[in-house]
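**Q** Please read through the structure below; I'll follow up with questions.
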Amino acid sequence: MGRTGGRVKIVALVLVFLVVCTVVGVVTWHLTKHSYQKDDGANSKKASSGLQLGDTTVDEKLGVNIKRRTENFNVLTGQLWSDPTRENVKQWTKSSDNKGIAEWSRDRKLEVTFKEEGGVPCYRIDWQVTVGMETVLTDCWNIGEAHWYGGFEDYYQPWPLEKRSKNLTAYVPHDSYQKLLGGVQERFFISSKGVGVYIEDDVPLFLSINAFNDKQMCLQAKYVRHPYQNFRRRLPSLSYHICVSENVRLIHDYMMRTFIKLRPTDIPDKTMFRKPIWSTWAQYHKDINESLVLDFADNIIKNNFTHSQLEIDDDWTPKYGDMDFNNVKFPDPKSMVKKLNDKGFRVTVWLHPFFNIDSNAFIEAASKFYLIKEFDSLRPGLTSWWDGKLAGILDATNPEAVEWYLNKTKFLQDTYNISSFKFDAGEVNWLPFVYSASFDIPSEYTKHWASLAYKSDTSIRHQEARVGSRSQDLPIFIRMLDKDSNWDYKNGLKTLIPTALTFGILGYPFILPDMIGGNAYNRQPEKELYIRWMQANAFLPSLQFSIVPWQYDDEVINLTRRYIQLHDDFTDTIIKLAREAVDTAAPIIRPLWWVAPTDEAALTIDSEFLLGNYILVAPVLESGARSRDVYLPPGQWTDELRGGIKQGGWHRNYRVELHELPYFKRKSEISVYV
């Protein structure tokens, strides 16, 4: 028994020991597992270099995915720091729930900020160089299948923008004949997916769109000798905003309201809306004189055409820059203007900011330091332009220089009864290659030149300018770049509607299309082109003739009268829409997506436009065509050419004879926000 009892004790002790060991092992295993999981979580958090703000994520390689809250897919993706030197994010610092900060000790810092207003989420991307003025900042965003609009006037004027590639280009106003970015431009873009992009004015911006068909829009900031001269030796920055709404119309309105914040203070002269301008330029070019101008006016009257004003274009001065009449070509300008006034014409003249070195005005302006100066010098910087190889250019940002220039325009008004002016140029590319100035942002020059144009005629407002940059508040007509007399997208007839649409959505509603038929630089427009151009122009806000209809035949003369009358019939509507633009910044000429913002056809068509929300115009733009496909947005439309009611959708092979212009009036009301 004792021996047996001892064995039992030993077995019991062994069993207890084994149980204790098992329990300890299990507990230890659980504790260890939990500890590892905890450590792994801590290590993951420490190593994580991703960032989430709102509906946007940024990964450690700076890839960005932006979603629309109501839908589970990306509306925009992109790559920050899009070049081979990119370094991954090691750690984001969240200064608040709405901001993430990443820094690279080498040369840069990134802040991403989230903000939501009125249900529209916006993300501000701020890159700041910390070391090295030569550092280049580049972000690229995927265009994808979206359609993009806005930005700038262009020689080819693609609509939507992704239709034609644009290689990396300085984002400043250029004469569009250089085939860069044109003279009317703003730093905002919108997409068919409801995405808006706005770039801050102080960024030394370069832009590419679909370069090499890569389906990307790239934003780059860098200082270079021209055009972004770094007077103050600043470090580059790249700051911009990306906002997301439900569709292209809603994001357009939001971007205009939030970032542009400008709308016209009034409307231009009503007569310029109603009656055509007649210019000497395309018909006569520089071969003008007093007798020719009077004959021009007599022929306008003889052929029973209405007119708002007669514009005396290049070349009416003794030297370029001397703002007085050439007394050889115009021996009695005061009498000439009086005769024109007696015939019912207001008279305007062509002006520009250039002073050729052989002009008296160059000496005067240079002595007063009113010209853009050489870099680090008081001497005038010299530039070349289309009418001079060596010229000074007015410093339109100098208030004293502006007052001096406007005194010369007042001299023309007081001495000869010149009623207003056509202001040419104003783009940044005309500045000297290297210069000194009071402005850091090159487009400030363009803005100030447009402002000077307005100041020359603030009461009647029947002047015109051809540039705009943050100039939406000016109640004046902004003219398109000189169009070429051809049918195609090489600055010809097919760019007329896309240019008008672009001006409108950028906030420039008072569109002055260029000369009907183009400028005849290489050839006179053939009869058919002239007629189709006139038809395409009939519903636009203003008409401008130079190529004269009586050089063709009676058919052209009669059709010209007919379409001038059609324009006059709708001028009250145009003026009503002009006043609406003052109140709301809505364009007069609207893309079809304005009333159908999710309709794929409406998003891409570039050969039709809306006058307001209720009149759709579909001109023929193809040589030899006697029909076209017409697209009508959803709803019922009255066919004003053929009669009857048409439903929304495609109407193939719609017949249009040479003398005809299809247009339609919408009968049924539809929501423009769905």
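**Q** Regarding L474, is this residue of a type outside the set (S, T, Y), open to solvent by 10 Å² or more (accessible area, probe 1.4 Å) and touching a helix residue (DSSP H, G or I) at 6+ places or on another chain (Cβ under 6 Å)?
**A** Judged against the criteria, L474 is a match.
**Q** Show me the strands (runs of 3 or more DSSP E) found entirely inside the range 567-674 where at least 2 residues are open to solvent by 10 Å² or more (accessible area, probe 1.4 Å) and touching a His at 6+ places or on another chain (Cβ under 8 Å).
**A** Per the criteria, 627-639.
**Q** Turning to a different aspect of this structure: Please specify each residue of the range 517-545 satisfying the condition of being basic (K, R) and closer than 14 Å to L661 by Cα.
**A** The answer is R532, and nothing else.
**Q** Of everything in the range 218-233, what is of a type in the set (A, V, I, L, M, F, W, C) and either under 19 Å from I125 (Cα atoms) or crowded, with 20+ Cβ neighbours inside 10 Å (or both)? Give them in sequence order.
**A** C218, L219, A221
**Q** On the basis of being under 37 Å from the mean Cα position of the chain (by Cα) and surrounded by fewer than 20 Cβ atoms within 10 Å (Cβ to Cβ), does D322 make the cut?
**A** It is true that D322 is under 37 Å from the mean Cα position of the chain (by Cα) and surrounded by fewer than 20 Cβ atoms within 10 Å (Cβ to Cβ).
**Q** Further question: Out of (1) on the phi < 0 side of the Ramachandran plot; (2) part of a loop (DSSP other than H, G, I, E, B); (3) open to solvent by less than 50 Å² (accessible area, probe 1.4 Å), the odd one out for K90 is which?
**A** For K90, the failing item is (3).
**Q** While we're looking at this one, here's another question. For the range 169-183, what are the residues that are farther than 13 Å from D154 by Cβ and surrounded by 24 or more Cβ atoms within 10 Å (Cβ to Cβ)?
**A** The answer is V172, and nothing else.
**Q** Of the conditions (1) open to solvent by less than 80 Å² (accessible area, probe 1.4 Å); (2) under 23 Å from F433 (Cα atoms), D358 satisfies every one except a single condition; which number is it?
**A** Unmet condition: (1).
**Q** For V64, are the conditions met, namely being buried (at least 20 other Cβ atoms within 10 Å of the Cβ), modelled with pLDDT of 95 or more and in contact with a Pro (Cβ under 6 Å, 6 or more places away or on another chain)?
**A** no
**Q** Could you count how many residues in the range 308-362 are among the polar types (S, T, N, Q) and over 23 Å from M272 (Cβ atoms)?
**A** Looking only at that region, the number is 7.
**Q** Among the listed residues Q229, Q185, Q220, which satisfies the condition of being touching a Leu at 6+ places or on another chain (Cβ under 7 Å), in contact (Cβ under 8 Å) with a residue 12 or more places away in the chain and either under 30 Å from D376 (Cα atoms) or not in a loop (DSSP other than H, G, I, E, B) (or both)?
**A** On inspection, the qualifying residue turns out to be Q220.
**Q** If you don't mind, there's one more thing I want to ask. Can you tell me which residues in the range 172-182 are in contact (Cβ under 8 Å) with a residue 60 or more places away in the chain and of a type outside the set (V, I, T)?
**A** Passing the criteria: P173, H174, D175, S176, Y177, Q178, L180, G182.
**Q** Which one is least open to solvent (accessible area, probe 1.4 Å), of the residues in the range 93-119 that are out of contact with any Gly (no Cβ under 7 Å at 6 or more places or on another chain) and assigned to a loop (DSSP other than H, G, I, E, B)?
**A** G119
**Q** Test L501 against the criterion of being in a helix (DSSP H, G or I), surrounded by 23 or more Cβ atoms within 10 Å (Cβ to Cβ) and touching a residue at least 40 places away in the same chain (Cβ under 8 Å), and give yes or no.
**A** When the stated conditions are applied, L501 passes them.
**Q** Here is a follow-up. Would you be able to tell me the number of residues in the range 410-420 that are assigned to a helix (DSSP H, G or I) and either in contact with a helix residue (DSSP H, G or I) (Cβ under 9 Å, 6 or more places away or on another chain) or open to solvent by 50 Å² or more (accessible area, probe 1.4 Å) (or both)?
**A** So the count comes out to 5.
**Q** Restricting to the range 425-436, give me the number of residues that are open to solvent by less than 10 Å² (accessible area, probe 1.4 Å) and out of contact with any Ser or Thr (no Cβ under 8 Å at 6 or more places or on another chain).
**A** The qualifying residues number 2.
Per-residue answers, yes or no, for (1) in a loop (DSSP other than H, G, I, E, B); (2) on the phi < 0 side of the Ramachandran plot:
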residue: E60; (1), (2): yes, yes
residue: V64; (1), (2): no, yes
residue: W81; (1), (2): yes, no
residue: R86; (1), (2): yes, yes
residue: P121; (1), (2): no, yes
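**Q** Working carefully through the options Y530, Y521, find the one that is in contact with a Pro (Cβ under 8 Å, 6 or more places away or on another chain) and among the hydroxyl-bearing types (S, T, Y).
**A** Residue meeting the stated conditions: Y530.
**Q** Could you look through the range 518-550, keep only residues that are without any contact (Cβ under 8 Å) to a residue 60 or more places away in the chain and in a helix (DSSP H, G or I), and pick out the one that is surrounded by the fewest Cβ atoms within 10 Å (Cβ to Cβ)?
**A** Only one residue fits best here, namely K527.
**Q** Now a separate question. Just give me the residues in the range 123-143 being polar (S, T, N, Q) and part of a strand (DSSP E or B), in sequence order.
**A** Once the filter is applied, which keeps residues that are polar (S, T, N, Q) and part of a strand (DSSP E or B), the range 123-143 yields Q128, T138, N142.
**Q** Sticking with this structure for a sec: Kindly provide the set of residues from the range 476-489 that are more than 18 Å from the chain's Cα centre (by Cα) and either touching a residue at least 12 places away in the same chain (Cβ under 8 Å) or not in a loop (DSSP other than H, G, I, E, B) (or both), ordered by number.
**A** Residues satisfying the conditions are D484, S485, N486, W487.
**Q** Follow-up question, since we're still on this one. Just checking, which of F354, F375 is modelled with pLDDT under 95 and under 33 Å from the mean Cα position of the chain (by Cα)?
**A** Answer to the check: F375.
**Q** Restricting attention to the range 551-563, which residues are open to solvent by less than 60 Å² (accessible area, probe 1.4 Å) and under 24 Å from H285 (Cα atoms)?
**A** Y552, D553, V556, I557, T560
**Q** Test each condition in (1) outside any helix (DSSP H, G or I); (2) buried (at least 19 other Cβ atoms within 10 Å of the Cβ) for F439 and report the one that comes out false.
**A** (2)
**Q** Still on this structure: Can you tell me which residue is nearest to D482 (Cα to Cα) among those in the range 528-547 that are touching a Phe, Trp or Tyr at 6+ places or on another chain (Cβ under 8 Å) and aliphatic (A, V, I, L, M)?
**A** Residue satisfying both the conditions and the ranking: I547.
**Q** Quickly run through the range 189-217 and pick out the residues that are free of Cβ contacts under 8 Å to residues at least 40 places away in the same chain and open to solvent by less than 10 Å² (accessible area, probe 1.4 Å).
**A** V203, P204, L205
**Q** Quick one: which of E153, E186 is open to solvent by less than 10 Å² (accessible area, probe 1.4 Å), over 29 Å from T113 (Cβ atoms) and among the acidic types (D, E)?
**A** The conditions single out E153.
**Q** Let me ask something additional. In the set R590, R561, which member is in contact (Cβ under 8 Å) with a residue 60 or more places away in the chain and over 20 Å from the mean Cα position of the chain (by Cα)?
**A** Sole residue among the options that is in contact (Cβ under 8 Å) with a residue 60 or more places away in the chain and over 20 Å from the mean Cα position of the chain (by Cα): R561.
The values are calculated or read from the model by the stated rules, or taken from the named source; none is laboratory data. These numbers were taken from a predicted model, which means no experiment stands behind them. Backbone-built Cβ (ideal geometry, glycine too); neighbour counts: all protein chains shown. The accessibility values were calculated without ligands, DNA or RNA, using every heavy atom of the protein model including side chains. Shrake-Rupley method; radii C 1.70, N 1.55, O 1.52, S 1.80 Å.
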